[in-house]
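Below is one structure, written out as structure tokens; comments come after it.
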Amino acid sequence: METVFLKKGEDRRLRVGHLWAFSNEIDTKRSPLSSFAPGQSVIVADSGGRPLGAGYVNPASLIAVRMVSRKADETLGPDLLRRRLADALSLRERMFSRPFYRLCHGEGDFLPGLVVDRHGEHVVCQITTAGMDAHTDELVNVLDELLHPSSLLLDNDVASRDLEGLERFQRAALGDAPEEASVEENDMTYVIPLRGGQKTGWFYDQRRNRAALTPFVRSTPGCRVLDAFCYAGGFGALAAKNGAGSVSFLDASAHALSYARRNAEQFGADAETLQGDALSLLADLRRDGRVFDIVCLDPPAFIKRKKDARQGLEAYQRVNELGLDLVRPGGMLMTCSCSHHLEADALRNLVTRAAGKRRRHARLLFQGFQGPDHPIHPAMPETAYLKTFLFHLPE
């Protein structure tokens with residue numbers, strides 16, 4: 001393999017385990033990025049020529065190199081894929097008794113550029129980097145060997161592939177991937193859109209945070225729940241299973257709302273769907289004097305890049321102010337952020353300030369993170385993205 005050399009002093013992050021080297025950290029005089037093909041396997045070395053490990057390179061990407069091993073001679077290929085995915089599978093099987101989880105979480109499982117979700121007998125993969133994309137056929141073979149799925153869907157219609165110079169597409173690599181599937185979580189079954197859904201079909205990262213709501217639903221007679229940015233109704237349908245009297249689902253997607261309603265109505269709950277812009281709909285509910293016992297806010301990442309921080313922070317502030325106004329005295333507000341650029345303290349402070357402006361007390365009862373099938377790489381703060389807070393707003 002050819003070698004990518006780092007500039008002096010740019011090896012410190014990689015030595016403690018970080019898996020990315022940025023283009024401005026590369027010594028382009030010794031290793032011109034233009035001389036490498038996108039996805040090419042390389043040895044990564046410090047300025048003194050000492051190998052740090054192996055990775056793959058993409059000269060067109062801001063993240064120029066992604067590491068796959070601390071061993072310089074261990075390249076990405078079927079052997080490494082098999083070992084890493086077998087390890088990831090073994091870990092999930094220790095945590096979950098049923099095959100419904102994220103099997104591979106990119107850098108958290110030391111396979112940058114790869115996400116694999118397991119929905120029972122159906123598997124969905126998302127490949128976001130040129131280096132991983134070059135090994136698609138090998139990846140499919142390894143997953144078939146390990147899981148024997150009825151279908152494997154390559155859901156590669158994502159914007160991040162544009163940054164890597166890759167085409168977007170969605171196709172079945174194994175079997176006939178159905179339009180929808182069933183997933184089990186928190187002792188209930190959801191129906192989800194597999195081919196036409198968001199991300200890889202389901203958000204397993206919120207599993208434990210959804211469960212944190214159930215004691216409060218059960219202890220509130222006729223509990224009224226608002227599930228905003230609901231997708232297929234993860235929070236609201238679980239509330240319906242646990243005795244909620246009514247659930248209002250709010251989302252921009254009519255397709256997602258149809259699944260949310262189905263998932264709630266199986267438990268006989270009164271399910272309302274509100275389709276459109278979330279901020280406008282939340283403002284309409286406030287204007288109409290609506291209040292709820294529990295309000296759940298799980299918006300998309302409003303801060304996808306650092307340069308979006310100010311505008312995104314304002315959006316989080318607005319959403320949380322509107323959500324707080326819809327919580328009845330004595331009710332609960334669950335608020336979430338999946339943007340790693342928004343720190344947990346900042347999200348908590350948004351609610352604290354909003355409550356203070358309204359002269360309302362707020363108790364923090366629960367702080368949640370992404371579930372254990374979305375492992376955090378301890379040397380990469382970028383992988384710790386999900387924050388969830390549950391507040392009680394007493395009378």
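Once label points are set 7 Å from the Cα along Cα→Cβ at both ALA37 and SER182, what is their separation, rounded to one decimal in nm?
4.6
Using only the Cα atoms of the chain, each taken as one equal point scatterer with no solvent, compute I(q) by the Debye sum, divide by I(0), and report log10 of the ratio at q = 0.07, 0.15 Å⁻¹.
Ignoring solvent entirely, the Cα scatterers give -0.36, -1.32.
Using a Förster radius of 25 Å, what is the FRET efficiency between ASP79 and ARG50 based on their Cβ-Cβ separation? Nearest 0.05, please.
Efficiency at R0 = 25 Å is approximately 0.50.
Can you tell me the FRET efficiency between ARG30 and ASP157 if r is taken as the Cβ-Cβ distance and R0 is 41 Å, rounded to the nearest 0.05?
Efficiency, from the Cβ-Cβ distance: 0.60.
What list of ³J(HN,Hα) values in whole Hz, one per residue of segment 198-211 in order, does the Karplus curve 6.51 cos²θ - 1.76 cosθ + 1.60 (θ = phi - 60°) give from phi, with Gly and Pro shown as x?
In residue order, the calculated couplings are 7, 6, 9, x, 7, 10, 5, 4, 9, 3, 6, 6, 4, 4 Hz.
In nm, to one decimal, how far is the modelled label at ARG310 from the one at ASP345, with both set 7 Å along Cα→Cβ?
Label-label distance for ARG310 and ASP345, simple model: 2.2 nm.
If you fit an axis through the alpha-carbon atoms of helix 309-325 and take the longest principal axis of the Cα set of the chain, what angle between them do you get, 0 to 90°, nearest 10?
Helix 309-325 sits roughly 20 degrees off the main axis of the chain.
Per-residue HN-Hα couplings for segment 14-30, Karplus 6.51 cos²θ - 1.76 cosθ + 1.60 at θ = phi - 60°, whole Hz, x for Gly and Pro?
5, 5, 8, x, 4, 9, 10, 10, 7, 4, 7, 9, 8, 7, 6, 6, 7
Need one number: convex hull volume per residue for segment 182-393, Cα atoms only, in Å³.
Looking at segment 182-393, the number lands at 118 Å³ per residue.
If you find the alpha carbon centre of segment 129-166 and of segment 320-361, how far apart are they in angstrom?
Rounded to whole Å, the Cα centres lie 38 Å apart.
Fewest Cβ neighbours within 10 Å first, please rank LYS8, LYS241 accordingly. Walk me through the numbers before you get to the answer.
Working: LYS8 10, LYS241 20.
Ordered by Cβ neighbours within 10 Å, fewest first: LYS8, LYS241.
Could you state the angle between the C-alpha long axis of helix 278-287 and the longest principal axis of the C-alpha atoms of the chain, as a value from 0 to 90 degrees rounded to the nearest 10?
Roughly 20 degrees between the two axes.
Using only DSSP helix segments of four residues or longer, with each worth -39500 (n - 2.57), what per-residue ellipticity at 222 nm results for the chain after dividing by its residue count and rounding to 500?
Rounded to the nearest 500, it is -8000 deg cm²/dmol.
Find, among the GluC sites (Glu not before Pro) in segment 171-247, those assigned to loop by DSSP (not H, G, I, E, B) with at most 14 other beta-carbon atoms within 10 angstrom.
Working: sites: GLU179, GLU180, GLU184, GLU185; in loops: GLU179.
Here the sparse-neighbourhood loop sites are GLU179.
For GLU145 and ARG290, what does the FRET efficiency come to when R0 = 45 Å and r is the distance between their Cβ atoms, rounded to the nearest 0.05?
That pair, GLU145 with ARG290, gives E of 0.30.
With N residues in segment 302-395, what two-decimal value do you get for its Cα radius of gyration over 2.2 N^0.38 Å?
For segment 302-395, the normalised Cα radius of gyration is 1.13.
log₁₀ I(q)/I(0) of segment 233-347 at q = 0.15, 0.17, 0.21, 0.22 Å⁻¹, via Debye over equal Cα point scatterers, no solvent, to two decimals?
Those come out to -0.69, -0.87, -1.22, -1.29, one per q.
How much net charge surrounds LEU285 when only the other residues with a Cβ under 15 Å from the Cβ of LEU285 are counted, with Lys and Arg +1 and Asp and Glu -1?
-3
Tell me which residues come under 5 Å, amide H to amide H, from LEU194 once H is placed; ignore anything under 5 positions away on its chain.
GLU180, ALA181
³J(HN,Hα) across segment 160-173 via Karplus (A = 6.51, B = -1.76, C = 1.60, θ = phi - 60°), whole Hz, x for Gly/Pro?
With coefficients 6.51, -1.76 and 1.60, one gets 4, 5, 4, 5, 9, x, 10, 6, 9, 6, 9, 7, 7, 8 Hz.
With everything on Cα atoms, drop me the angle between helix 136-147 and the longest principal axis of the chain, reported from 0 to 90° to the nearest 10.
For 136-147 against the chain, the angle is about 60 degrees.
Rounded to whole Å and sorted largest first, what semi-axes of the equivalent ellipsoid does the C-alpha gyration tensor of segment 2-69 yield via the square root of 5 times each eigenvalue?
16, 13, 11
In whole angstrom, how long is each semi-axis of the equivalent ellipsoid of segment 139-266, when you take the square root of 5 times every eigenvalue of its Cα gyration tensor and sort them from largest down?
32, 16, 13
Output the Cα-based Rg and Dmax of segment 78-178 in Å, rounding Rg to one decimal and Dmax to a whole number.
When restricted to the Cα atoms of segment 78-178, Rg and Dmax are 12.8, 39 Å.
If one computes the Cα centroid of segment 12-61 and of segment 213-281, what distance in Å separates the two points?
Here the answer is 47 Å between Cα centres.
Which aspartates and glutamates, if any, have their Cα less than 15 Å from the Cα of LYS357, not counting same-chain residues under 8 positions apart?
Qualifying aspartates and glutamates at Cα under 15 Å: GLU321, ASP325.
What relative contact order, as a whole-number percentage, does segment 2-69 give when Cα pairs under 8 Å and 6 or more residues apart are counted?
With pairs under 8 Å counted, the relative contact order is 37 percent.
Which whole-number percentage describes the relative contact order of the chain, with Cα contacts under 8 Å and a sequence gap of 6 or more?
Relative contact order comes out at 11 percent.
How far apart, in nm, are two points set 7 Å out from the Cα along the Cα-to-Cβ line at SER23 and at SER219?
With each label placed 7 Å out from Cα toward Cβ, I get 5.4 nm.
Residues of segment 4-37 with amide nitrogen under 17 Å from the 7 Å Cα-to-Cβ point of PHE369?
18
Each value in this text was obtained by applying a stated rule to the coordinates, not by laboratory testing. These numbers were taken from a predicted model, which means no experiment stands behind them. Neighbour counts are summed over all protein chains in view; Cβ atoms, including those assigned to glycine, are modelled from backbone coordinates with ideal geometry.
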